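Student: Got a structure here, written out as structure tokens. Questions coming.
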Amino acid sequence: MNDRQDPYAHDPYAQAQVFGYDAYGQPVYRPDAPERVYDAYGQPLQQQTHGYDPYTAQPQPQPQQPQTAYDPYATQTQQTQQTQQAQQEWIPRQTGPVGQGEPVGQGEREGTADGRIPEPRLAADSAADPAPGSAPEADADAYRTEQFSFIEEPDEGSEDVIDWLKFSESRTERRDERKRKGRNRVVALAVVLVLALGGGIGWFLLSGGEEKKSTAAAAGAQKRDVIVVHLRQTQGGDSSTALLVDNETSKKATTLLLPNSLGLTTKEGGTATTLGKAVQDAGTGATRDALNTLLGADIKGSWRLDTPYLENLVELVGGITVDTDATVPGAKQGDGPLVEQGKGKTLGGRAAVGYATYRATGEDQGRQLARFGQVMQAVLRKMSTDPQAATTTVDSLAQIPDPSLSVQQLGASLAHLAEKAKEGSYATSVLPVKADGALGGQAADTMVKDVLGGTVRATAKGAPPRVSVKNATGSAAASGTAQVALVNGGYTYVDGGAPGTAEAASSVTYADDARAAEAKEVARTLGLPEKAVRKDTGAGNADVAVVLGKDYKG
């Protein structure tokens, strides 16, 4: 460092008191050094006569009234400045380029080309009046206030933190993005597999054609609407029963005719009877329940159609057309035939009732049931397919509806059946029943399954044995006594009637070897000897047949 740069290079006393230099190139004195006085431009004023002018190197006279001048650009008090100076003595000096806001160590300052002290980087924004007694205004080489400005140093630490946060955030986002993409790939793969599987199943189903659809429909998962209708004659008390079946799945309808000889067991007392007797004695509700039990069907309601109401119904639909298979004579002798045999015969209400109930002498009831079925199907062909219109027709009959089937429900059911009858998707069948009232074997089982979707439960394994009792004791009271004993023993009682002549000995017979033990138990229940039990044809509508003779004591 040359003397031109250091204004105290020729002042031995000043050099001895200088401890170092601050960031602006100003000397820093020891704490125990005498106070230094500065002019308005920050230059020290020598108090001893042996001091020199830092610019001219001439001796300076000692001021008459020493006083401490204040830095016009500083805002701190003298005490604060001294405290800061004392602290700077113990702070390690750092080196760095001048003008970057870092202190410069002693002996490392650099001057300008003309030897002046480098321009300070930090100064006040405005000048202040010089202190009293200060030197006159500086020449052109002196520093002016407009040359000083504040420089805001960047906070490098803050930028580093921000950069680190940005890096961390970016890395987290990239990791989350990879996870999202992974999940999306899994979901997409699952969707593809489901679509592929669904497409395969759809192709499989479509490839089967209508044949597989028909097979599935016949498997039993079908929706059916079944009601039972009883045609009762006001004269004679006979009845005819049919099930009207609307299969909504197969879009077909059926009238299933039930012979009066069909054996049933009513819930009241567990008494076995026939369908004809059940309609007359037990009523519509008990008969419906017995049919549901026997056929495994789901009959939702009963419709009692007495012959006068059938006559009115035919008239309301405007008459019917039937291919008749018999000639029905007039009601009185000498009257012409009520119905003539032939194709396409038009029948009014009275003729339709005569034809539906006609049964020739010695003729099987099945023939009469078939005529009843013809009339019902012909009526449905003339019935309106509009549920509201069909309900109006039923309401016009002025019947008292059964609690199980309202007028509105009956009207809606008839309208659906009418639609299928008009389309030709309607059939009429007779349920096969043996003379003894039992169902007609495999043919009956198949019909019950296909038409009703049910299973004949009377033949199910574990069902209570049916015992037919024929009273040949000559006393009517014997039948009642035997019935009570059998019902209390857990058997189903079947009334076998009474023969024309009494018999001396009682008998208990069975046709199936599997019923041999039950037959012996029935004999013990009635108080009959075991020798009365034997294998025989038995009764078709019962598992065990009993004939009570005079030896029955009751």
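The values are calculated or read from the model by the stated rules, or taken from the named source; none is laboratory data. In this text the structure is predicted, and so the values were computed from the model without any measurement. Don't worry about glycine lacking a Cβ; one is built from the backbone with ideal geometry, like all the others, and counts go over all protein chains shown. Surface areas here come from the heavy atoms of the whole protein model, side chains and all, with no ligands, DNA or RNA. Shrake-Rupley method; radii C 1.70, N 1.55, O 1.52, S 1.80 Å.
Student: In region 228-312, carbon and sulfur make up what percent of the accessible area (probe 1.4 Å)?
Tutor: 42
Student: Please label the shape of region 313-444 as rounded, prolate or oblate, based on the square roots a ≥ b ≥ c of the eigenvalues of the alpha-carbon gyration tensor (a/c under 1.5 means rounded; beyond that, a/b larger than b/c means prolate, else oblate).
Tutor: oblate
Student: Between N488 and S404, what length comes free when the chain is fully extended (0.36 nm per residue of separation minus the Cα-Cα distance, one decimal in nm)? Could you put the intermediate results ahead of the total?
Tutor: Details: separation 84, 0.36 × 84 = 30.24 nm, distance 3.12 nm.
27.1 nm is the gain from fully extending N488 to S404.
Student: Next up: Assuming a ≥ b ≥ c are the square roots of the Cα gyration tensor eigenvalues, decide whether region 257-367 counts as rounded (a/c under 1.5), prolate (otherwise, with a/b larger than b/c) or oblate.
Tutor: Working: a/c = 2.55, a/b = 1.96, b/c = 1.30.
Since a/c reaches 1.5 and a/b is larger than b/c, the shape of region 257-367 is classed as prolate.
Student: How far, in nm, would the chain grow between D335 and A389 when pulled straight, counting 0.36 nm per residue and subtracting the alpha carbon separation?
Tutor: Result for the pair: 15.7 nm of gain on full extension.
Student: Hey, another quick one. Given R₀ = 41 Å, FRET efficiency for K535-A360 by Cβ-Cβ distance, to 0.05?
Tutor: About 0.60, to the nearest 0.05.
Student: In square angstrom, rounded to the nearest 10, how much accessible surface does T287 have for a 1.4 Å probe?
Tutor: Accessible surface of T287 is approximately 0 Å².
Student: Here is a follow-up. Can you compute the equivalent ellipsoid semi-axes for region 447-526, i.e. the square root of 5 times each eigenvalue of the Cα gyration tensor, sorted largest first and rounded to whole Å?
Tutor: Values: eigenvalues 155, 47, 31 Å².
Equivalent ellipsoid semi-axes, largest first: 28, 15, 12 Å.
Student: Share of region 487-550's accessible area from carbon and sulfur, percent, 1.4 Å?
Tutor: Accessible surface attributable to carbon and sulfur in region 487-550 totals 45 percent.
Student: Once the piece of chain linking N312 and D551 is laid out straight, how much longer is it, given 0.36 nm per residue of separation minus the C-alpha distance between them?
Tutor: Residue separation times 0.36 nm, minus the Cα-Cα distance, leaves 80.5 nm.
Student: Let me understand region 329-396 better: what is its radius of gyration from the alpha carbons, and its Dmax, in angstrom?
Tutor: Rg then Dmax for region 329-396, in Å: 14.5, 44.
Student: If you don't mind, there's one more thing I want to ask. Could you provide, to the nearest whole Å², the per residue accessible area of region 230-329 with probe 1.4 Å?
Tutor: I get 38 Å² per residue for this part.
Student: Which value, in Å², gives the accessible area per residue of region 370-494 when a 1.4 Å probe is used on the protein heavy atoms?
Tutor: Values: 5720 Å² over 125 residues.
That works out to 46 Å² per residue.
Student: Taking the Cα centre of region 406-527 as the origin, how large is its charge dipole in debye, to the nearest 20, when only Lys and Arg (+1) and Asp and Glu (-1) carry charge on their Cβ atoms?
Tutor: With Lys and Arg at +1 and Asp and Glu at -1, about 140 debye.
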